[in-house]
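Asks: Dropping a structure here in structure tokens format, bear with me for questions.
The values are calculated or read from the model by the stated rules, or taken from the named source; none is laboratory data. Note that the structure is a prediction, hence the values are computed from the model and not measured. Reconstructed Cβ throughout: ideal geometry from the backbone, glycine too, with neighbour counts over all protein chains shown. Each accessible area value is taken on the protein alone, full model and side chains, heavy atoms only, with ligands, DNA and RNA left out. Shrake-Rupley method; radii C 1.70, N 1.55, O 1.52, S 1.80 Å.
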Amino acid sequence: MKEEDINRCQIQEWYPNFKSCSIKTTIHELPESFVQYLLDDSGPFLLPLSITNDDALPNRVHKPEEEEDFVAVEGSGDEAEEPIPPPSFPELEMEIKASIESLGGAVFPKLNWSAPKDSAWISSTGNLKCTGFSEIALLLRSSDSVVHDLCHAYDSCTDKTASRPSSFFLALRKWYPSLKPEMEFRCFVRHKLLVGICQREVTNFYPALLEKKDDLKIMIEEFFREKVKGNFGSESYTFDVYVTKDGRVKLLDFNPWGASTLPLMFSWDELKEKLREEGNELEFRIVESRCGIRPGLKTAVPYDYLDTSEGSGWDQFLRNADEELRRQTSAGA
């Protein structure tokens, strides 16, 4: 995998070209001070000071009697230490506030590559829905997926020259409360050919998909031919789509082939073999019974840490490590 393949999957790179067939999104370049705030783990966990009195947990129940336990008593050792002032990003906060309003009052956030799905548990709603800057900051600061974007995006690249991109972007995507998780699908493209499609949410069984399977396959194949094929720069990649109740296909995301991308109901070796089999019909996989549920894929851990098969992120990382060790050994000999 090359750095350019990773870079093409950044939302600020692909969204302008696919805006007409994707969901409404506004993109903000993040100041380096905010990036460093996301990375800083040297002190206490502090949310930015909001100039609009925005609350990161608007639905929580405030109990003053419980908060008294955390008040320093006069003369105690706590008052000897000056409290660390929270950071503040007023310009970014106002830009985000305006974008949220333009997108209907609720959004879900995403950095260059990743959304902070692994930190949804910490929000007051239990999902990625955000109505203000503080909620977005809470999700981003709590996410390991975001750390992967910030520090490890190029770890699986054979031509790695940098540890991070020069700039980071925050994409605010319109929140649609009616979206159904079972209607999201991952598509696998190898050497510009669509070689597999599967259900994106594989931790549940959705009986309604069984009767829709053939129609869904036709719609997604047609979308690939008309909207994606020939319009995305990489030869091998994956893309995620959502199929609306009226049969429209919406592009959600692009991801690199391999690395930290989940193959879900396939394996990477399996997908490579499908390309070699001439006349092989495109396979569309869904969870067809409760026995097919894959609860182990519901994880906040990057897939690099789960998949060690050939071509995976770990496999490439270990190959690079062995190469570096051989180089250093040769240099010291």
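Asks: Restricted to the stretch 155-175, and to residues that are in a loop (DSSP other than H, G, I, E, B) and within 19 Å of residue 109 (Cα to Cα), which residue is modelled with the lowest pLDDT?
Replies: Quick first cut of the stretch 155-175, residues in a loop (DSSP other than H, G, I, E, B) only: 155-168, 175.
With within 19 Å of residue 109 (Cα to Cα) added as a condition, the list becomes 165, 167-168, 175.
Numbers: 165: 94, 167: 97, 168: 98, 175: 97.
Per the criteria, the residue is 165.
Asks: Restricting attention to the stretch 94-108, which residues are crowded, with 21+ Cβ neighbours inside 10 Å and touching a helix residue (DSSP H, G or I) at 6+ places or on another chain (Cβ under 7 Å)? Reasoning before the result, please.
Replies: To start, the set of residues in the stretch 94-108 that are crowded, with 21+ Cβ neighbours inside 10 Å comprises 96, 100, 107-108.
96, 107, listed by residue number.
Asks: So, one more: Answer yes if at least one residue in the stretch 188-196 is modelled with pLDDT of 95 or more, small (Gly, Ala, Ser) and touching a strand residue (DSSP E or B) at 6+ places or on another chain (Cβ under 6 Å), and no otherwise.
Replies: Yes: one or more hits.
Asks: May I ask you to say which residue of 239, 232 is in contact with a strand residue (DSSP E or B) (Cβ under 8 Å, 6 or more places away or on another chain), under 23 Å from residue 2 (Cα atoms), aromatic (Phe, Trp, Tyr) and open to solvent by 10 Å² or more (accessible area, probe 1.4 Å)? Break it down into steps so the answer makes sense when it comes.
Replies: Details: 239 fails: open to solvent by 10 Å² or more (accessible area, probe 1.4 Å).
Every option except 232 fails the conditions.
Asks: For residues in the stretch 276-303 being over 18 Å from residue 155 (Cβ atoms), outside any loop (DSSP other than H, G, I, E, B) and open to solvent by less than 50 Å² (accessible area, probe 1.4 Å), which is modelled with the lowest pLDDT?
Replies: Checked the stretch 276-303; the qualifying residue modelled with the lowest pLDDT is 297.
Asks: Could I ask something else about it? What number goes with the only condition from (1) farther than 23 Å from residue 248 by Cα; (2) in a loop (DSSP other than H, G, I, E, B); (3) out of contact with any strand residue (DSSP E or B) (no Cβ under 8 Å at 6 or more places or on another chain); (4) not aromatic (Phe, Trp, Tyr) that residue 128 does not pass?
Replies: All conditions pass for residue 128, except number (3).
Asks: Give the stretch 204-240 a look and list any residue that's farther than 15 Å from residue 183 by Cβ and in a loop (DSSP other than H, G, I, E, B), or say none.
Replies: Listed by number, the residues that qualify are 229, 230, 231, 232, 233, 234, 235, 236.
Asks: If I filter the stretch 139-162 down to residues being among the small types (Gly, Ala, Ser) and over 26 Å from residue 48 (Cα atoms), which single residue comes out as surrounded by the most Cβ atoms within 10 Å (Cβ to Cβ)?
Replies: We begin by selecting, within the stretch 139-162, every residue among the small types (Gly, Ala, Ser); these are 142-143, 145, 153, 156, 162.
Filter again for over 26 Å from residue 48 (Cα atoms), leaving 156, 162.
Details: 156: 25, 162: 10.
So the residue we want is 156.
Asks: Between 60, 8, which is open to solvent by 40 Å² or more (accessible area, probe 1.4 Å), modelled with pLDDT under 75 and among the basic types (Lys, Arg)? Don't jump to the end; show me each part of the working.
Replies: Working: 8 fails: modelled with pLDDT under 75.
Residue meeting the stated conditions: 60.
Asks: Every residue in the stretch 242-259 that is open to solvent by less than 10 Å² (accessible area, probe 1.4 Å) and among the β-branched types (Val, Ile, Thr), please.
Replies: 243
Asks: Looking at the structure I just gave you, is residue 193 open to solvent by 10 Å² or more (accessible area, probe 1.4 Å) and under 18 Å from residue 241 (Cβ atoms)?
Replies: Values: open to solvent by 10 Å² or more (accessible area, probe 1.4 Å): yes; under 18 Å from residue 241 (Cβ atoms): yes.
The answer is yes for residue 193.
Asks: Tell me whether the stretch 260-273 contains one or more residues that are modelled with pLDDT of 70 or more and open to solvent by 70 Å² or more (accessible area, probe 1.4 Å).
Replies: Initial filter on the stretch 260-273 (modelled with pLDDT of 70 or more): 260-273.
Filter once more, so that each one left must be open to solvent by 70 Å² or more (accessible area, probe 1.4 Å): 273.
There is at least one residue in the stretch 260-273 that is modelled with pLDDT of 70 or more and open to solvent by 70 Å² or more (accessible area, probe 1.4 Å).
Asks: While we're on this one: List every residue pair whose Cβ atoms sit under 7 Å apart, with the two residues 6 or more apart in sequence or on different chains, where the first one lies in the stretch 158-176 and is touching a residue at least 60 places away in the same chain (Cβ under 8 Å) and hydroxyl-bearing (Ser, Thr, Tyr) and the second, anywhere, is open to solvent by 50 Å² or more (accessible area, probe 1.4 Å) and in a strand (DSSP E or B).
Replies: As it stands, the answer is 167/29, since those pairs meet every condition given.
Asks: Regarding residue 311, is this residue open to solvent by less than 80 Å² (accessible area, probe 1.4 Å), at positive phi and at pLDDT below 90?
Replies: Values: open to solvent by less than 80 Å² (accessible area, probe 1.4 Å): yes; at positive phi: yes; at pLDDT below 90: yes.
When the stated conditions are applied, residue 311 passes them.
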